[in-house]
1. Step by step: first the residues of region 78-105, then only those that are β-branched (Val, Ile, Thr) and either modelled with pLDDT of 70 or more or surrounded by fewer than 15 Cβ atoms within 10 Å (Cβ to Cβ) (or both), then the one that is nearest to residue 124 (Cα to Cα). Which residue is that?
2. Return the residues of region 60-76 that are more than 16 Å from residue 142 (Cα to Cα) and buried (at least 19 other Cβ atoms within 10 Å of the Cβ); say none if nothing qualifies.
3. Output yes when any residue across region 212-224 is within 18 Å of the chain's Cα centre (by Cα) and surrounded by fewer than 17 Cβ atoms within 10 Å (Cβ to Cβ), and no when none is.
4. So, in region 35-52, of the ones that are outside any helix (DSSP H, G or I) and open to solvent by less than 70 Å² (accessible area, probe 1.4 Å), which residue ends up farthest from residue 141 (Cα to Cα)?
Amino acid sequence: MSKPTNAKIPRREASPSDMTRAALVRAALTLFGRQGFDGTSTREIAAEAKANIGSIAYHFGGKEGLRAAAADYIVDTIQAIAGQAIGDLQAPNVSEEGDPEAARAQLFTALERMVAFIVARPEAGEIVQFVLRELSHPTAALDRIYDGVFEPTHRRLCLIWEQATGEPAESEATRLTVFTLIGQVVYFRIGREAVMRRMGWRRIGDAEATKIAAAVTDNLGAILAARKDRRS
């Protein structure tokens, strides 16, 4: 009779095929964002990924399939980050308690997490560049990103806003307000060079991101205070 073992099941290591696939997606994300889809050749993508050019057709069926995979990578990445701050994006409601203070705290946390990723993380630059290209010339890849990230994240923030302020989640005013909260964070990425020059910063790292987060959350606090005064 064999003795039971307490050994843990080892985690499956990524295979060479998995690593090649991931490298191609990251290369496509970088080059499509920098040069555009039409301006990027499959040969350039393979060279950037240090992969055989035939692996693009093998893994993705071609360049268009690779663009879709890059869009899915963005969705997976942002869903994971957003989920930590504001919960499951697919959930129809927020917390059951309906606590306005908890909802307000969640809004502050969400903005801080947005700044930490969008402003401070280098890989966010590649994501933003790719998305900006898609917003300028929409394709099916934008549909995947909108359906997987933009719409559910915005909708969930609107629900949290309703819980924090009592204003209807789907009112025009709430939807616009949430766009302003997101937009001010995104500006610090797309206007990065201008911000560094004007602020006299050599880089935007964790220290600078902390200062940006303080300014952004101060704005949120002012908006919430104005809403509270309006109701009183």
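The values are calculated or read from the model by the stated rules, or taken from the named source; none is laboratory data. For clarity, every value in this text was computed on a predicted model and none was experimentally measured. As a convention, Cβ positions derive from the backbone with ideal geometry for all residues, glycine included, and neighbour counts pool all protein chains shown. These accessible areas exclude ligands, DNA and RNA; they are computed on the full protein's heavy atoms, side chains included. Shrake-Rupley method; radii C 1.70, N 1.55, O 1.52, S 1.80 Å.
1. 78
2. 60
3. First, pick out the residues of region 212-224 that are within 18 Å of the chain's Cα centre (by Cα): 212-213, 216.
Applying the additional criterion that residues be surrounded by fewer than 17 Cβ atoms within 10 Å (Cβ to Cβ) yields none.
Scanning region 212-224, I find no residue that is within 18 Å of the chain's Cα centre (by Cα) and surrounded by fewer than 17 Cβ atoms within 10 Å (Cβ to Cβ), so the answer is no.
4. Taking the candidates together, the pick is 51.
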